[in-house]
Amino acid sequence: MRVNMVTSAPVQAACMNLKGDTVLQYRNHLSGSQVSDYPGGTLQCAGFLANASDYSSQDTLYFGTSIYDFQSQITTCTMMLRPGGLLVPNWNVNANLYGYLTAGTVLIGIVPNSTSPGTFEAATGQVFFIPQSYIYWIQNTGTTNAFIVLFYNTHNEIFSININMVFANTPESILNQGLIESLKDMKSSNTSEIIILVQNLNSNIPALSNNQNYLYPLEDSRRIEYTGAVAKWANMTTAFGGMQNWYPCALSLESLVLNPCALLVPSITMNANEVGYVISGHGKMGLYGCTNEEFDICAGDVFFIPAGAQHYIRNTGCENLVLIIAYSTNERLQTFFLDDYIQAIPHSGNVPVIQNAVTIVDPAGPNNVLATDNIEHIASDSIMNRVPGIEMAILLIITTMYNFVSY
């Protein structure tokens, strides 16, 4: 038996364009790819480039082309800032930006809609949001390296303009007026240096009074505790003061920690592509879409899951598998879990039904323990803290037999 889903034209076209090592269409060893090294830090990206000769390797070309062909609406980069490192003022012409700090503390400056600039601090575990075309800069104000995972809401090549370009191509008489004057200390004479070292940056720019529009404390948000994992979501109706809902193609972010031996059972996200970054640990991912793949993921990897592709994630290590995942929608996720399907099928008791409680830990209110199957679009028994036994053997057999998504 084979259940087919009607796919969109971009997905059909992307499937037909797959070639070479198909695993490379879904996984990018970002930490091992070419590094853009600057005086103040480093930058690495797993994205699409319009000129194929600009890719550093065949592997990065496969991944970049894949997220473009599937119209993922997400591009991922990582940025490391050394102490005093400053990403010079710039603006993204074609994308909103979401940044998740995995280490360090930074000061972020922003110029909202050509009004007065302001600054706010972001620390480990927090997410910041920079709307498209807003001027912004980021400086490491700590004594250790800061590390940021960046998600742009575009599958096109990222187009950014930085202040070095502005100073190099704008008459001095223009630069000496208005806002640009306050940014002069944040530039480099080398127009290619976008991350510089500025140990003593003298700035009179005040703190933002509405930083909740640009900052969300993901690590301190409501926790969804499973038997084998903890998930944290930004509440998309209130995160960033609801501001991101004003912009098209906004993203949702999830922090997911899988315990050793935990398994996120096969599932399908119907209305969003997923791009994730492995912060720490290692595991295995299975993906069934245009092709059937199973591959390892480890710290520093980026993975891509097209909408409608069935997939699972398993922690195969002795430590937690820590992921940050972006979804290409800020609306309610439509996710289908295989264990929900099995539990909905009448049976005579030969197929064991798993029921686990989910604990909701809400800093702003009382905790709740739910025995229901669905909470925040994840089934209550969809993350299990066990080595796959008879239950998962049955699930995986059905996965292979039915192959729910075929293009």
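Tell me, yes or no, whether the range 152-164 has at least one residue that is surrounded by fewer than 20 Cβ atoms within 10 Å (Cβ to Cβ) and closer than 14 Å to residue 81 by Cβ. Checking the range 152-164: not a single residue is surrounded by fewer than 20 Cβ atoms within 10 Å (Cβ to Cβ) and closer than 14 Å to residue 81 by Cβ. Tell me, yes or no, whether the range 243-250 has at least one residue that is under 30 Å from the mean Cα position of the chain (by Cα) and either part of a strand (DSSP E or B) or at pLDDT 75 or above (or both). Yes, that holds for at least one residue. Pairing each residue of the range 118-133 that is under 15 Å from residue 221 (Cα atoms) with any residue that is of a type in the set (D, E, K, R) and modelled with pLDDT under 95, provided the two are 6+ apart or on different chains, yields C-beta distances under 8 Å for 124/219; 125/219; 125/220; 126/219.
Of the candidates 224, 205, 174, 180, the single residue that is modelled with pLDDT of 60 or more, in the same structural domain as residue 102 (by TED's automatic domain parsing) and hydrophobic (A, V, I, L, M, F, W, C) is 205. Quick check on residue 296: is it acidic (Asp, Glu), without any contact (Cβ under 8 Å) to a residue 60 or more places away in the chain and touching a His at 6+ places or on another chain (Cβ under 9 Å)? It is true that residue 296 is acidic (Asp, Glu), without any contact (Cβ under 8 Å) to a residue 60 or more places away in the chain and touching a His at 6+ places or on another chain (Cβ under 9 Å).
Do you know which residues across the range 80-95 are surrounded by fewer than 20 Cβ atoms within 10 Å (Cβ to Cβ) and either among the β-branched types (Val, Ile, Thr) or under 23 Å from residue 300 (Cα atoms) (or both)? Those that are surrounded by fewer than 20 Cβ atoms within 10 Å (Cβ to Cβ) and either among the β-branched types (Val, Ile, Thr) or under 23 Å from residue 300 (Cα atoms) (or both): 82, 83, 93. Among the residues of this structure, residue 107 does not count as one that is out of contact with any Leu (no Cβ under 7 Å at 6 or more places or on another chain), buried (at least 20 other Cβ atoms within 10 Å of the Cβ) and modelled with pLDDT of 95 or more. Would you confirm whether or not the range 257-280 contains a residue that is over 23 Å from residue 63 (Cβ atoms), within 15 Å of the chain's Cα centre (by Cα) and not assigned by TED's automatic domain parsing to the domain that holds residue 26? Yes, the range 257-280 has at least one match. Residues that are small (Gly, Ala, Ser), over 16 Å from residue 151 (Cβ atoms) and either out of contact with any strand residue (DSSP E or B) (no Cβ under 8 Å at 6 or more places or on another chain) or in the same structural domain as residue 161 (by TED's automatic domain parsing) (or both): does the range 97-104 have at least one? Yes: one or more hits. When the residues of the range 262-302 are filtered to those that are part of a strand (DSSP E or B) and among the hydroxyl-bearing types (Ser, Thr, Tyr), the one that is surrounded by the fewest Cβ atoms within 10 Å (Cβ to Cβ) is 280.
The values are calculated or read from the model by the stated rules, or taken from the named source; none is laboratory data. What you see is a predicted model; the values in this text were computed from it and never measured. No Cβ is skipped: glycine too gets one built from the backbone with ideal geometry, and neighbour counts run over all protein chains shown.
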